[in-house]
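> Have a look at the structure that comes next, please.
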Amino acid sequence: MENKKLQKMSVAALIISILPLATFIPVLLHITLTDGIRSVWARVNILSVFAGLTLSIICVKSRESRSAVNIISAIISSFWVLLMGGIVALALFISFVQ
């Protein structure tokens with residue numbers, strides 16, 4: 001029972017971790033989004049990154065539930081968090097330099 005719950009959670013973590021890639025769909029289709037939609041989309045991406053990372057950590061923490069899907073999900077979510085942190089650090093650095 002517990003193992004099935006963690007398997008479902010690991011699949012959900014992987015899907016949520018990949019969700020920010022949906023941002024590229026409008027770019028590929030040459031669709032221009034309004035500012036409001038872009039800001040909502042950015043918030044959803046940020047929330048999905050942190051939710052995916054949280055779910056991944058919960059699944060990877062247990063030795064019995066550790067699998068390739070969990071590890072891949074954790075790596076993808078960690079990459080997104082590092083990318084967002086780098087963007088914030090670059091923005092702060094540029095604002096202080098100017």
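The values are calculated or read from the model by the stated rules, or taken from the named source; none is laboratory data. Everything quoted here is computed from the prediction, not taken from an experiment. Ideal geometry is used to build each Cβ from the backbone, glycine not excepted, and the neighbour counts take in all protein chains shown. Quick note on the areas: whole protein, heavy atoms, side chains included, nothing else; ligands and nucleic acids left out. Shrake-Rupley method; radii C 1.70, N 1.55, O 1.52, S 1.80 Å.
> Give the relative contact order (percent, whole number) for the chain; include only Cα pairs under 8 Å separated by 6+ residues. Don't skip to the answer; put the middle values down first.
On the way: 74 pairs, mean separation 34.9, N = 98.
RCO, the chain: 36 percent.
> Can you work out the FRET efficiency for the pair Val69 and Leu21, with r the C-beta to C-beta distance and R0 = 25 Å, to the nearest 0.05? Spell out each step's value before the answer.
Details: r = 17 Å, r/R0 = 0.67.
Calculated transfer efficiency: 0.90.
> Give the accessible surface of region 14-58 per residue, rounded to a whole number of Å², with probe radius 1.4 Å and ligands, DNA and RNA excluded.
Numbers: 3130 Å² over 45 residues.
It amounts to 70 Å² per residue over region 14-58.
> Ranked from highest to lowest mean number of other Cβ atoms within 10 Å per residue, what is the order of the peptides 13-21, 27-35? Provide the component values of the computation, followed by the final result.
Details: 13-21: 19.4, 27-35: 8.2.
Answer by packing, highest mean first, reads 13-21, 27-35.
> Quick check for me: using +1 on Lys/Arg Cβ and -1 on Asp/Glu Cβ, what's the dipole size of the chain about its Cα centre, in debye to the nearest 20?
Numbers: 8 positive and 3 negative charges, 64 e Å.
Dipole size: approximately 300 debye.
> Ignoring ligands, DNA and RNA, how do Ser48, Ser95 rank by accessible area with a 1.4 Å probe, largest first? Provide the component values of the computation, followed by the final result.
Values: Ser48 10, Ser95 70 Å².
Putting Ser48, Ser95 in descending order of accessible area: Ser95, Ser48.
> Same structure, new question: Just in region 1-64: which trypsin sites (Lys or Arg not before Pro) are loop by DSSP and have at most 14 other Cβ atoms within 10 Å?
Details: sites: Lys4, Lys5, Lys8, Arg38, Arg43, Lys61, Arg63; in loops: Arg63.
For trypsin sites (Lys or Arg not before Pro) across region 1-64 that sit outside H, G, I, E and B with at most 14 neighbouring Cβ atoms in 10 Å, the list reads Arg63.
> Ok, one more. Given the chain reduced to its alpha-carbon atoms as identical point scatterers, what log10 I(q)/I(0) does the Debye formula return at q = 0.14, 0.21 Å⁻¹?
-0.62, -1.00
> First compute the accessible area of the chain with a 1.4 Å probe, then give the percent of it belonging to carbon and sulfur atoms. Each step should come with its number before you reach the end.
Details: 5510 of 7240 Å².
The nonpolar share, carbon plus sulfur, comes to 76 percent.
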